[in-house]
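Below: the structure, in structure tokens.
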Amino acid sequence: MARILVVDDKPDNQALVSLVLEEQGHEVLTAANGREGLQVAIAELPDVILLDVMMPDMSGIEVCRKLKEDERTRAVPVILVTAMGLNENVVAGLDAGADDYVSKPFNAEVLAARVRAALRTKESYDAVAELNRQLRQEIEYRRQVEETLEKKEAQLRQAQKMEAVGTLAGGIAHEFNNLLQAIRGYTTFAMDDLEPGQQAHQDLEQVVAAVDRAASLTSQLLRFSRAETLEREHLNLNDTVRIVIKMLRPLIGEHIDVEAHLGEDVCPVYADPGSLQQVLLNLCINARDAMPLGGKLTITTRTVVITDAESENYPDIGPGVYASIAVTDTGCGMPPEVKDRVFEPFFTTKGVGKGTGLGLAIVYGVVRQHKGTIDVYSEPGRGTTFRIYLPASHEDVAATASGGHEDVPGGTETILIGEDDAVVREVAARVLRRAGYTVLEAQDGDEVVRMFDEHGRRVSLVLLDVVMPKLDGHAVYAELKRRHPGVPVIFCTGYDPRADQTQFVHEAGIPVVEKPFDPVRLLQLVRRTLDEQAGAEAGAGGASEPLPLQALVHGMVNR
Ligand SMILES: Nc1ncnc2c1ncn2[C@@H]1O[C@H](COP(=O)(O)OP(=O)(O)OP(=O)(O)O)[C@@H](O)[C@H]1O
Ligand SMILES: [Mg+2]
């Protein structure tokens with residue numbers, strides 16, 4: 001069965017044609033003039049259009065031309081219906097893009113056969129259009145694959161370059177250290193045989209001082225090549241920032257404002273505190289040097305969950321939980337050719353005697369030694385941000401989030417998580433389980449609905465990603481509310497180019513936790529949402545006792 005639009009101003013003709021077509025099992029749409037015909041054609045996209053040529057407002061030929069000009073209706077076959085003998089109409093109609101014509105008075109069987117022929121044409125059009133669509137998709141897919149490959153190749157080249165330079169620098173530094181050791185040793189032996197006042201003694205003192213400077217250089221090179229051992233402990237980046245800010249005061253002039261935005265619950269890292277302080281200090285001093293006329297230096301710490309997809313952008317690290325520290329300045333920024341080389345040892349744009357070009361090489365070495373990564377954003381004339389990611393220490397993220405926080409609330413209810421990103425889902429599940437909840441995990445919208453149907457009212461709360469495959473968050477939300485209007489939902493949102501998808505969440509006033517979420521904030525929001533829901537239900541049922549059992553359980557968990 002097909003849908004056929006009959007455009008004819010004469011009711012009798014329209015009825016006759018409709019009858020013939022309906023007898024053939026087709027669905028018939030009608031329009032009484034050209035304008036209406038165009039509107040219906042666009043709105044309904046029929047399979048075939050039967051178009052009377054002689055109509056008062058707009059001739060069928062004109063309508064046909066418009067249909068064929070319009071992207072949306074171009075592929076719908078048009079059969080013109082003309083009066084017998086008016087050959088000039090047939091010619092004009094076919095030239096205007098019509099696919100076929102029938103002459104009035106027509107024979108029902110001929111009309112039916114022409115419609116069938118037109119439907120076959122339509123099928124071929126559709127098949128070609130579908131193939132085209134697939135082809136375009138394939139081309140786009142290949143383009144993306146090529147782009148990813150190119151990016152990966154560039155990342156690999158950069159990594160190999162850094163590795164090679166690191167090995168070279170480490171090797172030289174190591175050899176040099178031994179030589180310096182010998183120079184220093186023999187120099188002091190020679191000094192032992194001289195009186196301190198003698199000229200030769202004073203000269204040798206200079207040699208020792210130069211050797212010490214050289215030794216400090218080689219030790220910096222060793223840091224870059226990751227040949228130095230680390231003394232690690234579990235530490236909080238915020239403490240590192242506080243210490244460095246104190247050291248900064250005398251180094252940074254009045255003309256630069258220093259601001260710190262320290263994340264409340266930055267996950268701990270397993271790191272060498274001294275090395276991290278040096279890293280941060282190097283970044284801050286570079287920022288100072290980039291702002292000779294003053295500006296603002298901002299240090300930001302937070303916990304970041306790097307998802308599977310995002311980890312593509314960070315060649316050195318995989319998906320997981322990271323503590324991040326960013327140093328932002330409003331200084332001169334860097335052109336791309338400088339940005340590409342900043343981590344190379346001895347690369348500097350500062351004048352002779354001003355910079356050795358080792359600062360960022362050390363930063364890079366230390367960060368890599370901690371199995372982290374660093375990236376740079378810079379805009380000439382506007383400023384620069386260096387951001388470091390260090391893996392969360394193996395102490396359980398959730399445990400440390402709740403350690404030191406007496407007021408992190410837990411519970412024993414069942415929570416259903418709908419999130420397609422495995423890392424985000426696992427972290428959320430772990431945080432919630434650690435706090436006592438029973439957690440069900442679904443990886444797409446369909447599965448959320450399926451699990452909700454299966455576990456029914458055992459589910460006390462649903463944590464939903466807004467953007468999910470199969471059914472997106474909005475659709476899942478509607479499904480859940482249809483089944484159980486009272487079930488509380490919290491949405492997880494991240495930065496997403498399809499931000500319009502999160503619009504409804506804000507409009508409906510649904511609680512939201514922003515990705516990367518902070519474990520403590522998630523637990524607080526979950527508890528608050530559950531309690532509000534429990535309160536609402538108790539109120540609705542007229543119960544005067546505020547759920548003593550639940551309160552008791554939470555009290556126990558919190559303790
Ligand atoms: N915040 C920044 N803004 C603009 N350019 C920067 C910034 N940080 C680094 N750079 C550029 O990167 C180069 C290398 O930095 P790096 O810290 O490795 O060496 P340096 O600062 O020149 O010397 P050193 O740190 O050894 O005293 C700098 O010379 C500068 O051109
Ligand atoms: Mg520097």
Among (1) surrounded by 16 or more Cβ atoms within 10 Å (Cβ to Cβ); (2) in contact with a helix residue (DSSP H, G or I) (Cβ under 8 Å, 6 or more places away or on another chain) - the single one residue 270 does not satisfy: (2)
Take region 1-50 and flag every residue that is of a type in the set (Gly, Ala, Ser), open to solvent by less than 70 Å² (accessible area, probe 1.4 Å) and without any contact (Cβ under 8 Å) to a residue 24 or more places away in the chain. 15, 18
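For region 163-181, indicate whether the set of residues that are touching a Pro at 6+ places or on another chain (Cβ under 7 Å) and either closer than 19 Å to residue 341 by Cβ or part of a helix (DSSP H, G or I) (or both) is non-empty.
Yes, some residue in region 163-181 is touching a Pro at 6+ places or on another chain (Cβ under 7 Å) and either closer than 19 Å to residue 341 by Cβ or part of a helix (DSSP H, G or I) (or both).
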Restricted to region 488-501, and to residues that are more than 14 Å from residue 475 (Cβ to Cβ) and outside any loop (DSSP other than H, G, I, E, B), which residue is modelled with the lowest pLDDT? 499
Those residues of region 213-255 which are in a strand (DSSP E or B) and touching a helix residue (DSSP H, G or I) at 6+ places or on another chain (Cβ under 6 Å) amount to 235
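Residues are listed down the side, and each one gets a yes or a no for (1) modelled with pLDDT under 95; (2) open to solvent by 50 Å² or more (accessible area, probe 1.4 Å); (3) away from ligand 1 (no atom under 16 Å from the Cβ); (4) not hydrophobic (A, V, I, L, M, F, W, C):
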position	(1), (2), (3), (4)
300	no, no, no, yes
305	yes, no, yes, no
319	yes, yes, yes, yes
327	no, no, no, no
364	yes, no, no, yes
375	yes, no, no, yes
Given the structure, is residue 285 open to solvent by 40 Å² or more (accessible area, probe 1.4 Å), β-branched (Val, Ile, Thr) and closer than 16 Å to residue 384 by Cα? yes
Just checking: which of the strands (runs of 3 or more DSSP E) contained wholly in region 260-377 hold 2 or more residues that are closer than 24 Å to residue 148 by Cα and within 16 Å of ligand 2 (Cβ to nearest atom)? none
How about region 413-448: which of its residues are farther than 19 Å from residue 265 by Cβ and among the β-branched types (Val, Ile, Thr)? 414, 415, 417, 438, 439, 448
Can you confirm whether region 339-361 contains a residue that is away from ligand 1 (no atom under 16 Å from the Cβ), crowded, with 20+ Cβ neighbours inside 10 Å and either at pLDDT 90 or above or not assigned by TED's automatic domain parsing to the domain that holds residue 259 (or both)? no
What is the residue count in region 55-91 for residues that are in contact with a Lys or Arg (Cβ under 9 Å, 6 or more places away or on another chain) and either of a type in the set (Val, Ile, Thr) or surrounded by fewer than 20 Cβ atoms within 10 Å (Cβ to Cβ) (or both)? 14
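Residue 103 - would you say it is outside any loop (DSSP other than H, G, I, E, B) and open to solvent by less than 50 Å² (accessible area, probe 1.4 Å)? Let's see the steps before the verdict.
On the way: outside any loop (DSSP other than H, G, I, E, B): yes; open to solvent by less than 50 Å² (accessible area, probe 1.4 Å): yes.
Judged against the criteria, residue 103 is a match.
The values are calculated or read from the model by the stated rules, or taken from the named source; none is laboratory data. Worth saying up front: this structure is predicted, and the values here are computed from it rather than measured. Cβ sites come from the backbone with ideal geometry, for glycine too, and all protein chains shown count toward neighbours. Surface accessibility is based on the protein's heavy atoms, side chains included, excluding ligands, DNA and RNA. Shrake-Rupley method; radii C 1.70, N 1.55, O 1.52, S 1.80 Å.
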